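Asker: Just passing along the structure, written as structure tokens.
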Amino acid sequence: PTLAEGALDVGWSLLGGAAAGFAIGRAVLWLRDRAGPAPVEIAVSLAAPYLAGLASQWLALSLPVTVIAAALAVSAAQVDPETGEARSSAESRIAAGAFWEEASLLASSVLFFFAGLALPQALSGFGLWPLAGVIGSAVAILVLVVAIQWAGSWLSSHLPPLSRALDEEPGATRAAAAGVMAWASTRSVIGLIAALSIPAALPNGEPTPGRDLILVVAALVILGSVIVQGLTLRAAVRRAGLTKPEAAKAEEAQAREAATAAREAAPDEGNDAARRVLVELRERDEIGDEALRKLLRETDLRERVKEAERGGAGTGGGPPQP
């Protein structure tokens with residue numbers, strides 16, 4: 001393709017994917033607003049990434065961009081920042097959180113299972129290549145990936161709110177922060193799954209050259225990343241001067257105190273007032289995502305208890321019977 005054709009294709013894939021993902025996200029919100037029982041709402045959320053996948057395939061869009069844009073559109077509207085009202089019921093959010101934790105664990109387990117089935121065949125041909133060359137290739141790829149991630153992280157450290165946080169932190173440098181962000185991003189089994197997607201044979205029936213080598217190198221890259229980066233991450237964070245064990249507790253205490261004060265100041269609004277304050281604290285970067293998620297979950301639990309005390313079953317209920 002020409003340069004213009006390539007630019008148009010990439011632009012359509014990325015910008016079109018973002019637009020399609022946003023539209024799918026808004027459609028999912030519309031459906032979830034009208035879904036009653038929690039299992040139905042969870043089913044809608046489960047179908048959302050598949051809808052994004054179908055749209056990206058039909059329209060030749062970027063699959064990751066489409067899915068991520070849909071997820072951002074949904075997550076950004078979970079709580080109304082003006083009123084503090086949540087888009088779904090407390091029962092649905094509590095049940096959905098537990099469901100997706102288990103779904104993520106099961107998906108990861110399945111990926112590792114299939115990767116494990118394919119590795120013995122790949123390793124059977126390990127003796128065909130020089131051991132030093134294979135290990136050296138894996139090390140070089142891992143170093144290259146970490147270096148690219150460091151460069152991207154270093155650029156992001158110049159953008160707010162990270163830039164403001166680093167400016168306020170004595171002794172912290174952007175290079176060290178970028179190093180920690182890159183070092184914390186370990187390789188996942190997705191790389192091995194991508195290698196497994198290479199056909200075992202060409203259309204003419206001949207084995208795909210180098211497929212086993214690619215599988216072995218991919219496995220070594222992932223294994224080396226998980227072991228080396230995983231075992232040294234704590235030391236890297238401490239050496240970078242970014243660790244503040246008391247900071248997380250202080251954020252959580254600040255958020256809990258603000259939420260309690262909001263409930264007491266506006267008893268008619270109750271948990272809506274607490275959610276509104278928590279979102280405001282996050283938007284001002286006074287608390288982080290972890291504190292926000294934890295306190296929002298506590299708010300949902302409080303709301304669910306109140307529903308039970310009033311004798312209502314909420315909008316959750318049990319799963320529909322076939």
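Asker: If Ala258 satisfies all but one of (1) at pLDDT below 85; (2) among the aliphatic types (A, V, I, L, M); (3) open to solvent by less than 40 Å² (accessible area, probe 1.4 Å); (4) more than 23 Å from Ala175 (Cα to Cα), what's the number of the condition it fails?
Answerer: The failed condition is (1).
Asker: So, in the range 71-104, of the ones that are outside any helix (DSSP H, G or I) and among the β-branched types (Val, Ile, Thr), which residue ends up most open to solvent (accessible area, probe 1.4 Å)? Break it down stepwise before answering.
Answerer: Going residue by residue through the range 71-104, those that are outside any helix (DSSP H, G or I) are 77-89.
Subset that is among the β-branched types (Val, Ile, Thr): 79, 83.
Details: Val79: 25, Thr83: 64 Å².
The qualifying residue most open to solvent (accessible area, probe 1.4 Å) is Thr83.
Asker: A further question follows. Mind checking which pairs have a first residue in the range 256-282 that is at negative phi and a second that is among the hydroxyl-bearing types (Ser, Thr, Tyr) and in a helix (DSSP H, G or I), Cβ under 8 Å, 6 or more apart or different chains?
Answerer: Sorted first by the residue in the range 256-282, then by its partner, the pairs are Ala259/Thr299; Asn271/Thr299; Ala274/Thr260; Ala274/Thr299; Arg275/Thr299; Leu278/Thr299.
Asker: Would you please name the residue that is nearest to the chain's Cα centre (by Cα), looking only at residues in the range 221-254 that are under 30 Å from Trp129 (Cα atoms), open to solvent by less than 60 Å² (accessible area, probe 1.4 Å) and of a type in the set (A, V, I, L, M)?
Answerer: Here the residue is Ile222.
Asker: Just one of Glu91, Glu82 is modelled with pLDDT under 90 and either farther than 23 Å from Glu307 by Cα or not charged (D, E, K, R) (or both); which is it?
Answerer: Glu82
Asker: On the given criteria, is Ala4 part of a helix (DSSP H, G or I), surrounded by 14 or more Cβ atoms within 10 Å (Cβ to Cβ) and small (Gly, Ala, Ser)? Give the steps one after another, and end with the answer.
Answerer: On the way: part of a helix (DSSP H, G or I): yes; surrounded by 14 or more Cβ atoms within 10 Å (Cβ to Cβ): no; small (Gly, Ala, Ser): yes.
The answer is no for Ala4.
Asker: Quick check on this structure: which one of Ala175, Ala140, Ala147 is within 23 Å of Leu128 (Cβ to Cβ) and without any contact (Cβ under 8 Å) to a residue 40 or more places away in the chain?
Answerer: Details: Ala175 fails: within 23 Å of Leu128 (Cβ to Cβ); Ala147 fails: within 23 Å of Leu128 (Cβ to Cβ).
Criteria check complete, one pass: Ala140.
Asker: While we're looking at this one, here's another question. For the range 162-191, give me each residue that is of a type in the set (D, E, K, R) and out of contact with any Asp or Glu (no Cβ under 9 Å at 6 or more places or on another chain). Spell out the reasoning first.
Answerer: Step one: list which residues in the range 162-191 are of a type in the set (D, E, K, R), which gives 164, 167-169, 174, 187.
Scanning the range 162-191 gives Asp167, Glu168, Glu169, Arg174, Arg187.
Asker: If I ask for residues that are of a type outside the set (A, V, I, L, M, F, W, C), modelled with pLDDT of 85 or more and within 25 Å of Ser137 (Cα to Cα), which ones from the range 212-249 would you list?
Answerer: Here is the first cut: in the range 212-249, the ones of a type outside the set (A, V, I, L, M, F, W, C) are 212, 224-225, 229-230, 232, 234, 238-239, 241, 243-246, 249.
Cutting the leftovers down to modelled with pLDDT of 85 or more gives us 224-225, 229-230, 232, 234.
Scanning the range 212-249 gives Gly224, Ser225, Gln229, Gly230, Thr232.
Asker: What pairs can you find where one residue is in the range 9-27 and of a type in the set (Phe, Trp, Tyr), the other is open to solvent by 40 Å² or more (accessible area, probe 1.4 Å) and modelled with pLDDT of 95 or more, and their Cβ atoms are less than 7 Å apart, with a gap of 6+ or different chains?
Answerer: none
Asker: Output the residues belonging to the range 15-39 that are modelled with pLDDT under 90 and open to solvent by 60 Å² or more (accessible area, probe 1.4 Å).
Answerer: Across the range 15-39, the qualifying residues are Trp30, Leu31, Asp33, Arg34.
Asker: Collect the residues in the range 120-130 that are within 12 Å of Val217 (Cβ to Cβ) and part of a helix (DSSP H, G or I), keeping them in residue-number order.
Answerer: Of everything in the range 120-130, those that are within 12 Å of Val217 (Cβ to Cβ) and part of a helix (DSSP H, G or I) turn out to be Ala122, Leu123, Phe126.
Asker: Next question. Take the residues in the range 259-274 that are part of a helix (DSSP H, G or I) and of a type in the set (Gly, Ala, Ser); name whichever of them is farthest from Leu301 (Cα to Cα).
Answerer: Filtering the range 259-274 for residues that are part of a helix (DSSP H, G or I) and of a type in the set (Gly, Ala, Ser), the one farthest from Leu301 (Cα to Cα) comes out as Ala265.
The values are calculated or read from the model by the stated rules, or taken from the named source; none is laboratory data. The structure displayed is predicted, hence computed values, not measured ones. Positions of Cβ are backbone-derived with ideal geometry, glycine not excepted, and every protein chain shown enters the neighbour counts. Just the protein is used for accessible areas: all its heavy atoms, side chains included, with ligands, DNA and RNA removed. Shrake-Rupley method; radii C 1.70, N 1.55, O 1.52, S 1.80 Å.
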